[in-house]
Structure formats: structure tokens, C-alpha cells
Amino acid sequence: MNLEDHLGDIIHKARSMTGVSAATAAGAADLSGDDLASLEKTGRSANNVNIAALAPLIGLHPVKLEGIVKGWLPTPKDLGIWREIRVVTTVRDGLSVNCYLVWDEVTRDAALFDTGLDAKPILDLIAAEQLQLRHIFITHSHWDHVEALPKIREAWPKVRLHSGSKNAPVDQRNKLNEIVHLGGLRVTHRETPGHAEDGVTYIVGNWQEDAPIMAFVGDAIFAGSMGNGNGAWELAKKNVREQILSLPAETLLCPGHGPLTSVAEEKAHNPFF
């Protein structure tokens, strides 16, 4: 799986974060304005990009950004270490969205983290594995992450919904220090607003055979990038740094788009941090 954000996406986000104009960034990168515009759109440039000068200007780590240029990807993850989790990626009009189904292999109690764009593959997986869907955890309420929610709730009307939205019914809002038990698994949460006002990261631990904890981060951070700050860039970066990258190095990060990664890999390779 390719990274969610190509080089041009990262540069454009970083310019938005720092307020650096296209003309100033193009000059630092030794590119024309048209070249920079093409790079930000396609991720490719016909001319060499002066990463060493551009990166610090727009708040990125130059060595890590060079790694993106050279094609860095997180190592493929063997999900068999965690029993049980499945990644469900749904696609519409070129947009790919990840959601995640987790369950206790003894009790068969299951939880869904976000819903993606299509309920059918999720419902088919639940049926195939003979699971009982007990919980749906929403990392944030942007449409692509909750599009399939009505159909899933129609199929499982007693499922409990968890959200960071202040507009959600009281019984659906995450509670301070709440621990949700899923068979032997434990689900906690950390508030991570920035990309979205109601952004939440859910952490699942107590896996069998001491598998590392897993964090469902929504669009707060991607492999090699981060979600759009939507006018709250500093808050978004602060929460990623303090609430996500502070987790143990081996923590598996499960983003809303793109490949799975880890805290250690993002500390070493993400140019925003």
C-alpha cells in the first residue's frame, strides 16, 4: 500500500501549517511557481527539489523528508500477532478509507473502529466469523469515517456507540478515564482534536501473548504525514506528539487512510515530527 500523502501533499500541508507562500517555497526549493504547483498536485517534479532548503522553511525535518522522496514505507505488519483484528478498506470515487474490526477470540465479542464507506464487507465479516458486535468507536465524525454507520446500526440495533462529539447523545460520549472491556481486551481513549474537533484516539491493550498495544488514530497521523490541521495545526501537532507519539515505541498505529505503522517508525521517519 502506498503512503496516504505523497511528497507534494506533505509540502502543501506544511506550507498551510507555517503560512509560507508558494512563491517563497518555490524559491527555496529551486523550482518555478508552476513546478511547485505541479509537485504539490502530483507528488512528482521534473526538476531536482532542494529539500535541504525547503524543509526547514516549512517546518519539516529535511532528512526525514528526503526519506519520503526516496520511497520510505513502514514495514509490513503481521496482524497474526494480534488475535483478532481485520482491516477493512472501502473505496469510493478514488477515496480509500480504513476501518478496523477487533474481537476477543474466546467470547467472539467484537468492536468496530470507524465504519468507512460501505457496510457490506463489515457485516459479511461479522457473519463469517460468527461475532457479536458490541461496540462502535468513532475516531472523528468526518463523513468518510461514518458513512456506513446507519446501515451497521440497523443490522445491530443494540450496539453501543462511542464518540468524542459534544453533539452526540450523552450515553454515546466518551467518559473521562473510561475503560471498555471487550472480552479480555481493554479499550481506553485519548482526546486528539486538531484535524477534527471531536478527534479521539482509541487504545486497545491486554492482547494475548503480550502483543503490543494498538492505537486507532483516525486522521490525526498517517504513515509519513499527518491529517490536515483545518485551521488548528498547532493543536493537531501537539496532540499527536503528546497523546500518540508518547505511547510505547512498539505500539501499532492504525490510521484512517494509508498503511499501518508504528510509534517507532513515525518518530524516525515522519517529517512533521
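What follows draws every value from the coordinates through simple rules; no lab data is involved. Predicted model, so just to flag it, every value in this text is computed and none were measured. Every residue, glycine among them, receives a Cβ derived from its backbone with ideal geometry; neighbour counts consider all protein chains shown.
Assorted remarks:
- Gyration tensor over the Cα atoms of the range 7-62: the corresponding equivalent ellipsoid has semi-axes (square roots of 5 times the eigenvalues, largest first) of 15, 11, 10 Å.
- Residues 117, 112, sorted so that the one with the fewest Cβ neighbours within 10 Å comes first: 117, 112
- Restricting the range 41-128 to trypsin sites (Lys or Arg not before Pro) that sit in a DSSP loop and have at most 13 other Cβ atoms within 10 Å of their own Cβ leaves 44, 70.
- Rounded is the label for the range 79-269, because the ratio a/c of its alpha-carbon gyration tensor axes (a ≥ b ≥ c) stays below 1.5.
- Test item: Cα-centred dipole of the chain, Lys/Arg +1 and Asp/Glu -1 on Cβ, debye: 400
- Amide H contacts under 5 Å for residue 261, placed H, 5+ residues apart: 253
- Among 261, 75, 89, 139, sorting on how many other beta-carbon atoms sit within 10 Å of each Cβ, with the fewest leading, yields 75, 89, 261, 139.
- Cβ-based exposure ranking for 154, 4, 105, in which fewest neighbours within 10 Å come first: 154, 105, 4
- Computed about the Cα centre, the dipole magnitude for the range 7-62 is approximately 140 debye when only Lys and Arg (+1) and Asp and Glu (-1) carry charge, each at its Cβ.
- Pairs of Lys in the chain closer than 22 Å at Cα, counting only those 8 or more apart or on different chains: 24
- Sequentially through the range 186-201, phi angles give Karplus couplings (6.51, -1.76, 1.60; θ = phi - 60°) of 10, 10, 10, 9, 10, 6, 9, x, x, 4, 9, 4, 9, x, 9, 10 Hz, Gly and Pro residues having no value and appearing as x.
- In the chain, the calculated helix contribution to ellipticity at 222 nm averages -7500 deg cm²/dmol per residue, counting -39,500 (n - 2.57) for every DSSP H run with n ≥ 4.
- Selection from 201, 50, 72, by position along the positive dipole direction of the chain (Cβ): 201
- Secondary structure note: in the range 79-269, about 70% of the DSSP beta bridges are antiparallel.
- Cut-off under 5 Å, modelled amide H: who pairs with residue 160 long-range: 135, 136
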